[in-house]
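Derivation of every value follows stated rules applied to the coordinates shown; laboratory data play no part. Since we're looking at a predicted model, the values are computed, not measured. Cβ placement follows ideal geometry from the backbone for every residue including glycine, while neighbour counts extend to all protein chains displayed.
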Amino acid sequence: MSADLFSTTDPLGRTVRLTERCYHDHIVVEHPDLDDPEEIERSVRLAEQIAQDTIDPQRTVYYRTYQRRPQRWLVKVVVDEQGEVVTAYRVKRMKQEEIILWQQ
């Protein structure tokens, strides 16, 4: 079992965690531009929008604005039904097909 890098509570009161394995074996390798686990944690805890994933409706996606001048991105964090982060990466916008579950 992999240790947690963080465990936090989302705006809906759900516990979400990121394991060392997911972070080091997937996020750092596949999405090296998002190399700060604290930014991932903030994106869940301070999410601006929470939606249902279009690929797997059992998963939840969290969006939060991430700005490093001159660029503006959204951090997208995908979480499974057990509250474990599956992936996290930067996107320009939400998918239009996603169903919004909560909005700030």
Applied in sequence order to segment 8-16, the curve 6.51 cos²θ - 1.76 cosθ + 1.60 (Karplus, θ = phi - 60°) yields integer Hz couplings, x standing for Gly and Pro, of 9, 10, 7, x, 9, x, 8, 7, 10
Residue-by-residue Karplus 3J(HN,Hα) for segment 39-49, coefficients 6.51, -1.76, 1.60, Hz, glycine and proline x: 5, 5, 4, 4, 5, 7, 5, 10, 3, 8, 9
Rounding to the nearest 20 debye, state how big the charge dipole of the chain is about its Cα centre with +1 on each Lys and Arg Cβ and -1 on each Asp and Glu Cβ. 560
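Take every Cα pair under 8 Å in the chain that's 6+ residues apart, average their separations, divide by the length, and report that relative contact order as a whole percent.
It comes to 26 percent, rounded to a whole number.
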